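Student: Okay, handing you the structure first.
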Amino acid sequence: MRRSQFTTLTQSNQDVSNTANISPPQPPHQIINKTNYCLLIKDNSNNEQNDKSFTLKTVQSNCSESLEFNIKSFIYQKITKNMIYKSGSFGILENNNNTQNQPINNDNNNHNNHNNEKKFTLSCFYTMIEVPIVHNNTSDVNNSKSTPSSPMKLSVSDLLEDEELISKNNNFQDDLENLNSLVDFSINDDLDDIVNDIDGSSPSNKNIASTIVTKTEDKKKQLENSLKEYYLCLVCETENDVNLGLFHLEISEFCSSLTILISEVINNNNNNNNNNNNITDSNNNNISIYSDLSIQNKLSNWYSICIDYISRSVKLLDINIQYIIYSTLTGNTFKIITSPLPSQLSSPQTLATMKTISDDIISFLKTISIVNLSTKELSPNQFIIKPDESNNSVILDNSSSNNTIANTTNYDSIDDGKNITDNNNNNDNNLFIIEIKQSEECNDKFNVVLNKHDDNLFCKKWSNKYIENINNSISLRNLSEDLKLKVIQEFNMFRRMIDISTLNNYLLYKSFLFLSCNDNSDILLYLLKKDNIQDIKEVLIVLENQLKQHQLKINN
């Protein structure tokens, strides 16, 4: 690479300082008018003759009749075109309901009100949810003994056994055909009768084979019926189109937890009503799912759980955000501890609030982290959040919409780029504790106490941006993506510069200038040292020593 080409990768002191002060463009403040949800189920019980025809039945919804009709039409079109997926998709619904909540005005004022009327955009997320239905085998055995004509419940092992019987029966018939072709049984007519009795061509054996086949087909149908298909549509009504795709991970986790909740409600109901007659609808669903309060509360709070959590986290952390950002980028392991007042330990409302705060902070950590984080619950008031250890190398991914460094080296054995043999000391040095304490003055207020306060100028600048947009969750989510993208872009540029710096000292000096003008030099060095690349190890040592001397001169 020529010197002129290398210069384009670097910046002068003035250029770097100017670019650091430029804030990325933020979307306008979104005014949320309404948030709706609609949970549907496919019902084909009344269309037995045509398996492809079905109707969409509402399970739970807080939408108006017109909006619910639009959602059903929208979902029906997506199903018929095979364009609805488990991973979920985003779209915009037709809004024909802009004036239904407007008061009736006189004819003279209709024209003016029409001009001043605001039109809202209906941004939506829609997905398919498959809920497995678990059957009680013990009750099925008893029912089969008492009523032989009742249909058998699903069993995968029985299905495999029936298929084995069919294959064995087919092999037995093939052997008999080969035997008939090799041996002449015309000597004795009695032997012909014996062979005909054994041969699969006899009517009795044909009936047995046909019953096995029909039984297998019935069990395959039962296997399909054991998965109930639900369709969820989450709607957000705003003045401008909201990019809900930024919250794809949060909404996907919400749908996963909703799937577990629906399955628990249905199966618990089935277990409780084993000895009684279950009250079911036309689609063999228990009626309780249509009125279950836990499902209703979860659906009604979808916007608060999936989107507003980031605003609540920023308000709670406040000036501590800069320390959280620094520790997240350096790969610390977090421990969240909730400490309610002794007098509030038995208060369900306080415990629920503390759990919500913990979930909000965990989601916020995952939002700003450039590595995948995993969560482990030690107790109801203690959580461990650490980098996922599924991989052993850092892999940059700039192609996805969610800017993350997919996976990580074992951070438990790294402290500032050095290996530590003592695991106990390492855990203490690398553990970032976030303690949430309930205020003694006011039970509704909570304080955050941290055990570390490391930061740099880069993290301070970004923390100020978070605080400036504290009431706008959409802007805060955009800031998180911009933060990760900025770190990844600088890391990629710095890594290319280091690779070229091995050629001569002049290029090494240009890399030093880049780091000395960068507010995030310590984190960039940490991320590159963590890769443990032997070819650039000496270069990193030289750069680190020079940076320390440069900082000492500035401080003095």
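The values are calculated or read from the model by the stated rules, or taken from the named source; none is laboratory data. In this text the structure is predicted, and so the values were computed from the model without any measurement. Backbone-built Cβ (ideal geometry, glycine too); neighbour counts: all protein chains shown. The protein model used for the area step is the full one, side chains on, heavy atoms only, and it has no ligands, DNA or RNA in it. Shrake-Rupley method; radii C 1.70, N 1.55, O 1.52, S 1.80 Å.
Student: Being out of contact with any Cys (no Cβ under 8 Å at 6 or more places or on another chain), open to solvent by less than 30 Å² (accessible area, probe 1.4 Å) and assigned to a helix (DSSP H, G or I): is that true of Val448 here?
Tutor: Spelling it out, it is not the case that Val448 is out of contact with any Cys (no Cβ under 8 Å at 6 or more places or on another chain), open to solvent by less than 30 Å² (accessible area, probe 1.4 Å) and assigned to a helix (DSSP H, G or I).
Student: I would also like to ask the following. Suppose the filter is part of a helix (DSSP H, G or I), farther than 26 Å from Asp535 by Cα, of a type in the set (Gly, Ala, Ser) and modelled with pLDDT of 95 or more; does Ser480 pass it?
Tutor: Numbers: part of a helix (DSSP H, G or I): yes; farther than 26 Å from Asp535 by Cα: yes; of a type in the set (Gly, Ala, Ser): yes; modelled with pLDDT of 95 or more: yes.
Yes, satisfied.
Student: Now for a separate question. Of the conditions (1) crowded, with 18+ Cβ neighbours inside 10 Å; (2) more than 26 Å from Leu365 (Cα to Cα); (3) polar (S, T, N, Q), Gln551 clears all except one; give me its number.
Tutor: (1)
Student: Residue check: is Asn447 over 26 Å from Ile433 (Cα atoms) and not acidic (Asp, Glu)?
Tutor: The answer is no for Asn447.
Student: Would you check which residues across the range 243-257 are of a type outside the set (A, V, I, L, M) and out of contact with any Leu (no Cβ under 9 Å at 6 or more places or on another chain) and list them?
Tutor: Correct list: Asn243, Gly245, Phe247, His248, Glu250, Ser252, Glu253, Ser256, Ser257.
Student: Turning to a different aspect of this structure: Out of curiosity, is Asn381 in contact with a Lys or Arg (Cβ under 9 Å, 6 or more places away or on another chain) and open to solvent by 30 Å² or more (accessible area, probe 1.4 Å)?
Tutor: For Asn381, the condition - in contact with a Lys or Arg (Cβ under 9 Å, 6 or more places away or on another chain) and open to solvent by 30 Å² or more (accessible area, probe 1.4 Å) - is met.
Student: Here is a further query. Of the residues Ser45, Ser17, Ser66, only one is modelled with pLDDT of 80 or more and either of a type in the set (Gly, Ala, Ser) or touching a Gly at 6+ places or on another chain (Cβ under 7 Å) (or both); which? Step through it out loud before you land on a result.
Tutor: Numbers: Ser45 fails: modelled with pLDDT of 80 or more; Ser17 fails: modelled with pLDDT of 80 or more.
It is Ser66.
Student: Scan (1) modelled with pLDDT of 50 or more; (2) assigned to a helix (DSSP H, G or I); (3) of a type outside the set (Lys, Arg); (4) surrounded by 14 or more Cβ atoms within 10 Å (Cβ to Cβ) for the single condition Asp428 breaks and write down its number.
Tutor: Of everything listed in (1) modelled with pLDDT of 50 or more; (2) assigned to a helix (DSSP H, G or I); (3) of a type outside the set (Lys, Arg); (4) surrounded by 14 or more Cβ atoms within 10 Å (Cβ to Cβ), Asp428 misses just condition (4).
Student: I'm told Phe494 meets every condition in (1) over 30 Å from Lys315 (Cβ atoms); (2) open to solvent by 10 Å² or more (accessible area, probe 1.4 Å) except one. Can you identify the failing condition by its number?
Tutor: (2)
Student: Keeping to the range 534-551, report how many residues are out of contact with any Phe, Trp or Tyr (no Cβ under 8 Å at 6 or more places or on another chain) and either among the aromatic types (Phe, Trp, Tyr) or closer than 19 Å to Arg495 by Cβ (or both).
Tutor: 10
Student: Does at least one position in the range 490-501 carry a residue that is closer than 28 Å to Phe432 by Cβ and of a type in the set (Ser, Thr, Tyr)?
Tutor: No, because not a single residue in the range 490-501 is closer than 28 Å to Phe432 by Cβ and of a type in the set (Ser, Thr, Tyr).
Student: Being closer than 24 Å to Asp454 by Cα, assigned to a helix (DSSP H, G or I) and among the polar types (S, T, N, Q) is the filter; apply it to the range 497-526 and report the residue that is least open to solvent (accessible area, probe 1.4 Å). Give the steps one after another, and end with the answer.
Tutor: First pass over the range 497-526, keeping only residues closer than 24 Å to Asp454 by Cα: 512-526.
Restricting the remaining residues to those that are assigned to a helix (DSSP H, G or I) gives 512-516, 521-526.
Those still in the list that are among the polar types (S, T, N, Q) too: 516, 521.
Numbers: Ser516: 40, Ser521: 13 Å².
Among residues in the range 497-526 that are closer than 24 Å to Asp454 by Cα, assigned to a helix (DSSP H, G or I) and among the polar types (S, T, N, Q), the one least open to solvent (accessible area, probe 1.4 Å) is Ser521.
Student: To continue, here is another question. Do we find a residue being in a strand (DSSP E or B), at pLDDT 90 or above and not hydrophobic (A, V, I, L, M, F, W, C) anywhere in the range 231-253?
Tutor: yes
Student: Next up: Specify which of the listed residues (Thr338, Thr328, Thr333) is over 23 Å from the mean Cα position of the chain (by Cα), β-branched (Val, Ile, Thr) and open to solvent by less than 30 Å² (accessible area, probe 1.4 Å).
Tutor: Thr338
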